[in-house]
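To start, the structure under review is shown below, and the notes come after it.
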Amino acid sequence: MKTGIQSWLDERFGLSIITKFLKEKTVPQHKHSIWYYTGSAILIFFTIQIITGFMLVFYYKPTLEGANESVARIMTEVPLGWIIRSVHSWASSFMIAFVFIHLLSTWLTKSYRNPRELTWMSGVFLLVVTLLSGFTGYLLPWDDLSLSATKVGTDIPSSIPLVGVWVTKFLRGGEDVTGDTLTRFFGFHVSIIPVFMFILLGVHIYLIQKQGMSLPLSAEAKKEKVREIPFWPNFVYREMIVWLLLLGILFSLAIFFPPSLDKAADLMAPAPEGIKPEWYFLFLFQTLKIFPANIFFLPGDTLAVFLILVVGIMFFFLPLIDNKPAERKGRIITVIALVVIGYAVVMTVWSLL
Amino acid sequence: MRLRGKKFLGLFLLVIFFLSFFILEFNFAQQVTQEEQEEIIQAKEDQEKIIPSPQNIKESTGIYVFVAWMWIAIFVLIYILRLKIREVDRLLKLRFLSAKKK
């Protein structure tokens, strides 16, 4: 039974197509179903990022003189400002963690197989964009640590032959990290990256709806009919429980462990000791660190960046490489996936020690 | 007597001279240990670092009350959602069974 407003909106927007689709949509139930909840968790954190980001942008000044001062003001003068900043910071970490979990679960359950190759590829793009969002946001408080981490981070592309130096210059808006870099990173963080993220999210979600929820390879191999539940309301109610728990954990962490703010960065000061990037870049940071200066007459950092790029490209084209997931080749790729996860964990822990 | 007086004066001035290092805090003679130096630097750094936290007892009480209410609300909502899930799953099962009978 439609109300007057519902009919009015339906006549203009054709909403009944969407509601009909959601009523008919089903979700398979099996032992790997838990991974289905990670996708909507990412959306929840993304929404929180947008809302808290809007609040912070009212007070933030992306200038050399005003950046650190405005963040300090948000934390000390603006009512509940420190909680909003803390929620923004923690939500970004949660979002990146869930993007990693979402992608790795897709890798292990081989859900990228035919016909879901483009869903995987758009997901890898989303991972890159999310990491870029974290990287650009890290500089905005403009303290010693964020300045030094950005110097190190923007210096990495310069090892790439031919285009590397240009990429570094483009990111920094000049030869070195300055006020121009801050303005540029602010632009990336609040306008360019979110636009790309919305487009990619739109494509990703459309592809998921078009192809339907994938079954893990192990469930498909049994050739038994898998139990399905309706998306609305059976699955959504279950998702709501996960959202509530995650929101509770997020707010509790944001309140009890808020990020601090160091004094304003000094462009002339030497880099402080023990600079480390955010946790999600630690495995890459440690990989670059352990490479020797020269390997077979080649610069070690160039070789490391080259290897990371090759692995990244292979990761992007994984559905095409792992085109026979049920066979021996597919099993080898699963072992490689586990080794990569183990490597990332070991490198992260090593970097923290 | 006068000599004794001079000796006394000399001794008095000497005592004052040594005491002055402690009383008047003449910095030129003050030896700062490595640990003290680090403490001074740390204190200076702490002054410049903003660690957000509730400013007074009213604010901190408000925050603890908010967190407590938030978790109570979450557990109540989860309980309601679990009941709802049980209900919709039962309805689904009934519909499935009635469809099978047909």
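Quick notes
- Calculated FRET efficiency, A:V226 to A:D266, Cβ-Cβ distance, R0 = 51 Å: about 0.25 to the nearest 0.05.
- Ligands, DNA and RNA left out, the accessible area of chain A computed with a 1.4 Å probe is 72% carbon and sulfur.
- B:I78-B:E35 FRET efficiency (beta carbon distance; Förster radius 41 Å; 0.05 resolution): 0.20
- Each Lys or Arg adds one and each Asp or Glu takes one away; over the other residues whose Cβ falls under 15 Å from the Cβ of A:S122, this sums to +1.
- In this structure, the amide hydrogen of A:T26, modeled 1.01 Å from its nitrogen in the peptide plane, lies closer than 5 angstrom to those of A:F231, counting only residues at least 5 positions away or on a different chain.
- Based on C-alpha pairs under 8 angstrom that are at least 6 apart in sequence, chain A has a relative contact order of 26 percent.
- Sites A:I332 and B:K58 - FRET efficiency at Förster radius 51 Å, r taken between beta-carbons, to 0.05: 0.25
- At least 40 Å² of accessible area lost relative to the chain alone, listed for the range A:223-253 with a 1.4 Å probe: A:N234, A:Y237, A:R238, A:I241, A:L244, A:L245
- Residues whose placed amide H lies under 5 Å from that of A:D143, excluding near-sequence neighbours: A:A265
- Computed over neighbours whose Cβ is under 13 Å from that of A:I275, the net charge equals -3, Lys and Arg +1, Asp and Glu -1.
- Euclidean distance between Cα centres, the range A:19-59 to the range A:254-306, Å: 32
- Rounded to the nearest 100, the interface formed by chains A and B buries 2300 square angstrom of accessible surface, both chains summed, with a 1.4 Å probe.
- Here the label points at A:I208 and A:T47, each 7 Å from Cα along the C-beta direction, are separated by 1.3 nm in the simple model.
- The protein assembly as shown shape via C-alpha gyration tensor axes, a/c threshold 1.5: prolate
- Crossing angle, helix A:67-76 versus chain A [Cα axis fit, 0-90 degrees, rounded to tens]: 60
- Under the Debye formula (equal points on every Cα, no solvent term), log10 I(q)/I(0) of the range A:25-266 at q = 0.11, 0.13, 0.15, 0.17 Å⁻¹: -0.68, -0.88, -1.08, -1.25
- Accessible area in square angstrom per residue, the protein assembly as shown, 1.4 angstrom probe: 64
- Rough spin-label spacing in nm, given labels placed 7 Å along Cα→Cβ, for B:L92 and A:L201: 2.6
The values are calculated or read from the model by the stated rules, or taken from the named source; none is laboratory data. No experiment lies behind these values; they were computed from the predicted model shown. Don't worry about glycine lacking a Cβ; one is built from the backbone with ideal geometry, like all the others, and counts go over all protein chains shown. For accessibility, only protein heavy atoms count, side chains too; no ligands or nucleic acids. Shrake-Rupley method; radii C 1.70, N 1.55, O 1.52, S 1.80 Å.
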